[in-house]
1. Strictly greater than 19 Å: what percent of every Cα pair in the range 121-175 meets that?
2. So for the range 23-88, averaging the separation of alpha carbon pairs under 8 Å that are six or more residues apart and normalising by length, what relative contact order in percent results?
3. Over the chain, what is the mean sequence separation of C-alpha contacts under 8 Å (at least six apart), divided by residue count, expressed as relative contact order in percent?
4. Grab every C-alpha pair in the range 1-84, bin the distances at 10 angstrom width from 0 up to the longest one, and report whole percents.
5. Under the 0.36 nm per residue contour assumption, what length would be gained going from the current alpha-carbon distance of residue 77 and residue 111 to full extension?
6. Please pull out the direction-averaged projected area of the chain, using the convex hull of its alpha-carbon atoms, in nm² to one decimal place.
7. Would you kindly state how much longer the chain becomes between residue 128 and residue 153 on full extension, computed as 0.36 nm times their sequence separation minus their alpha carbon distance, in nm to one decimal?
8. Can you give me the Cα centroid spacing of the range 1-68 and the range 103-175 in angstrom?
């Protein structure tokens, strides 16, 4: 499939949709509630893969992980855009627009790096639950159903995971 996509052969796109279409839809669903929005986002994801296949590098991870990141980011950007359009309002003239200073950007980057390092210290199952809740934005009910457990059990595990991350990070986790 990857060779077909790199060769710009449409059979590669068809194979992508058949093989990974359900995964893409699964990732997009929590971000976009409207069916039409989800279908448009699905099209955007497949077009991005078609246009950027040559950027995929196996040394950085699997194709499935690369595709998942594209799907998640595309859906998240579309949801943010929809939210901004829904919340359009005029800014007061007296207040300038707030932009991030270079110092704030550096601090945010350092916090992100520390958090990613702390997440790598979690057990694989803990990492999976954490990512499902806070990266893929899945509901607790959906996670519980797919893991075959109760919502309370998932909430308890998330509580313990966050507690563990706070301990690793020295109390600076604000999830």
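None of the figures in this text is laboratory data; all of them are computed from the coordinates on show. As the structure is a prediction and not an experimental result, all values here were calculated from the model.
1. Roughly 23 percent, rounded to a whole number.
2. The value is 46 percent.
3. 17 percent
4. Final binned percentages: 18, 51, 26, 5.
5. Extending this stretch completely gives an extra 10.1 nm.
6. Directional mean of the projected Cα hull area for the chain stands at 13.7 nm².
7. On the way: separation 25, 0.36 × 25 = 9.00 nm, distance 1.49 nm.
This chain segment gains 7.5 nm when fully extended.
8. The distance from the Cα centre of the range 1-68 to that of the range 103-175 comes to 26 Å.
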